[in-house]
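For reference, the structure is listed below as C-alpha cells.
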Amino acid sequence: MPSSRSLWGLVTERAAETPDALMMVDEHDRTMSFAEYKDAAERTAAGLAERGLTAGDVVAWQLPTWIESAILVAALSRLGVTQNPILPIYREREVGFCTKQAGAKMAIVPSTWNGIDFQAIAEKVARDNGQGMSVLVADKVLPQGDPATLPPEPTEADADEVRWLFYTSGTTADPKGAQHTDASIAAIGSAMGERLRCGPESRNGMVFPFTHIGGITWLFTSLQTQCANIFIEAFVPDLIVTTLGKHGVTHAGAGTVFHQTYLAAQKAADQPIFPDVTCFPGGGAPKPPQLHFDLIEAFPMSSGVLSGYGLTEAPILTMCDFDMDDDALATTEGYAMPGVDLRLVTVEGEPAGTGEEGEVRAKAPQLMKGYLDASLDADAFDDDGYFRTGDLGRLDDKGHLVVTGRLKDVIIRKGENVSAKEVEDALYGNDKVGDVAVIGLPDERSGERVCAVVQTAEGQDDLTMEEMVEHCKGTGMMMQKVPEQLEIIDAIPRNPAGKILKHVLKEQYGG
C-alpha cells in the first residue's frame, strides 16, 4: 500500500506498483489504468502551466463526475495548486461568493451541462468579482502540454499545506470554506479503505458529485488500496443501476436516495442486479433503520448499509464495519475512526454519559485547519479545541454513535422537545412512505406544530392523515410527537450530500 500522505505522491507510488490495474471506468465504458492516469495528469499539468498556473495559485473547478475531473485533480496537485471544488448545484450567487473569497485565479467549468450554462455563469462571476479570474471551458477535453517542461514535483512536506477549499453545502446561508490538506484527506481515505475492506477487487460506485469531499476521499482511497471507481456523471436511476451492475460494483453507495433506487430496481428484477455487491456505503445524512434490513433481504450476498458520520469540516468521524451485528448497522453510524477523539456534551455543557444525548464534538486527523473566514472559527471550536458539529447523538456501551438530530432540528411543541429524526424513522416503517422530512412550523397555539412532508413510495397511493396517525400510534409514539400536518410532495429536496433541505420545506409550508 502506498505510504505517501500527498495526492501526487500517491499517484506516483500507485502507478509504479500496479501500473496496468484498472483505476476508473465510466458509463460509456471508457477505462483508465493507474499508469495512464499519471501520464494524463502530467500532460494536463503541463498544459495548465502554459496557461500561467503555478504553485500556490487557487483554482476553482465545477465539473461533473467525469474521468477528466479526476485527471484534473491530479494535474493541479502536480502543480502545487490549491483547489476549490464547487458543487454542480451552485449557481451565480454561490459561485461568486466562493471564488471571490478564495481568490481564485482560474475557474474551470463545462460549457453547458444538465441544461445549465456554466460557462456564462463563470464568465459573469469573473467580470463581477473584478479579481482578474480567467475561465477555462473543459468539456471532457483538458489542456495538454509537454511533461518535460514541468517544474519540480511537490515534496512530502507539502502534504501538510492547505491545498483544498471545500465549501459546505450552504443549506441555510453563505457557504463556509473548510481548509483541508492532502494529509487530512489521506488519513480518512486510508481509514475508510480499511473499514470497508477495499482492495484490488473492489469496485466503488462514484455516483455522487465528484466535487464533494466524499468524491475526493474515494480518489485517495482508490490510490491507497487499488480500488477502482465506476464514474457516472448524473443521477439517472436506470443508467446508474445498469452501469454499476455491468461493471461489477462491490461498494454501492452513496446514501439513502441511491440505496432506495437500488432496492426498487432489485424488487422489480428477476435476477440479482449487483451480483458482486458486498455493502452499501452511506453517509451525508442518517439512514432510516428499516432500509438496512430491506437491503440485506434484497441483496443477501451483502452486509447491508455500512454508513459513516461526518461533515465537510471533519469527514467520516465514525463508520460501521462488516463485523457489526445487523441491529447496530441499522441504528448507528458505527464507531470512531482511527485517531478520532469523540466528545459528547449535554445542553448544560456537561460530558454526556453512555446513552445520554449530547452535541457531538471531535478532534481528528481529518479535521480541517479552520475556515477560510477565520472569524467563524471561534464558534466552531470549544475552549478545548474540539470541533462543534452541531449534531446531537449518543454513544452506546460499545462506542457506536447514534445520531439523534441537529441542535437546530428539535421541534418545541407546547414546551416539549420533539426529535424530528425520531418521527422520521417511525414514518419510514410505513410501506407507503418512500422518503420523509419532519419539520417544525410556527403555530400560535403550540409554538411549533409537527409537520410530516412525505414522498410516497413508488406504486403506492397517497398516504392519508388518518393512516399516518394510526401508524405513528402503532409504533408506541406519544401523541405529543405525532405530526399534526401532512404534506405530500413529488420529491423531498436534498443537497448532493443527501441532507434534506428543510429550510426549503419550511418556506413552502410555513405560510
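Excluding residues fewer than 8 places away in the same chain, name every one of the lysines whose C-alpha is closer than 28 Å to that of residue 38.
105, 140, 246
Taking Cα atoms of region 24-115, Rg/Rh with Kirkwood Rh, to two decimals? Spell out each step's value before the answer.
Numbers: Rg = 13.8 Å, Rh = 14.0 Å.
My calculation puts Rg/Rh at 0.98.
Would you work out which of 21, 202, 87 lies farthest towards the positive end of the dipole of the chain, given +1 charges on the beta-carbon of Lys and Arg and -1 on that of Asp and Glu, about the Cα centre?
87
Past 27 Å, Cα to Cα: identify those pairs from 100/287; 287/432; 414/502, in the order given. If you can, show how the numbers build up before the last one.
Values: 100/287 36 Å; 287/432 17 Å; 414/502 21 Å.
Exceeds cut-off: 100/287.
Let me check against my output: what whole-number percent is the relative contact order of the chain, with C-alpha pairs under 8 Å and at least 6 apart?
On the way: 1094 pairs, mean separation 56.6, N = 511.
Computed value for the chain: 11 percent relative contact order.
Principal axes first, then extents: for the Cα atoms of region 178-284, list largest minus smallest coordinate on each axis, whole Å, largest first.
Reported extents, whole Å, longest axis first: 45, 27, 18.
Mind listing the long-range amide H neighbours of residue 24? Cut-off is under 5 Å, sequence gap 5 or more, other chains count too, H placed in the peptide plane at 1.01 Å from N.
Correct list: 32, 229.
Kindly report the accessible area of the chain per residue (heavy atoms of protein chains, probe 1.4 Å, no ligands, DNA or RNA), in Å².
Values: 20360 Å² over 511 residues.
Accessible surface, normalised per residue, equals 40 Å².
Kirkwood Rh over Cα pairs of region 1-159 into Stokes-Einstein at 25 °C, 0.890 mPa s: D in µm²/s? Don't skip to the answer; put the middle values down first.
Values: Rh = 16.2 Å.
Once the numbers are plugged in, D ends up at 151 µm²/s.
Run the lone-cysteine check on the chain: no other Cys C-beta under 4.7 Å from the residue's C-beta.
98, 279, 320, 451, 472
Straight-line reach only, C-alpha to C-alpha below 13 angstrom: list the aspartates and glutamates that residue 267 could link to, leaving out same-chain residues fewer than 8 apart.
Filter leaves 294, 297, 458.
Give the carbon-plus-sulfur fraction of the accessible surface of region 195-253 in %, rounded to a whole number; probe 1.4 Å, heavy atoms of protein chains only. It would help to have the intermediate numbers written out before the result.
Working: 870 of 1540 Å².
Roughly 56 percent of what the probe reaches on region 195-253 is carbon or sulfur.
Given only helices, namely DSSP H runs of n ≥ 4 each adding -39500 (n - 2.57), what is the per-residue ellipticity at 222 nm of the chain, to the nearest 500 deg cm²/dmol? Don't skip to the end; give the middle numbers.
Numbers: 15 runs with 161 residues, N = 511.
About -9500 deg cm²/dmol.
How big is the chain by Rg and Dmax over its Cα atoms, in Å?
Calculated on Cα positions, Rg and Dmax stand at 22.7, 73 Å.
The values are calculated or read from the model by the stated rules, or taken from the named source; none is laboratory data. Small disclaimer: the values here were computed from a predicted structure and weren't measured. Glycine also receives a Cβ, built like all others from the backbone with ideal geometry; neighbour counts cover every protein chain displayed. For accessibility, only protein heavy atoms count, side chains too; no ligands or nucleic acids. Shrake-Rupley method; radii C 1.70, N 1.55, O 1.52, S 1.80 Å.
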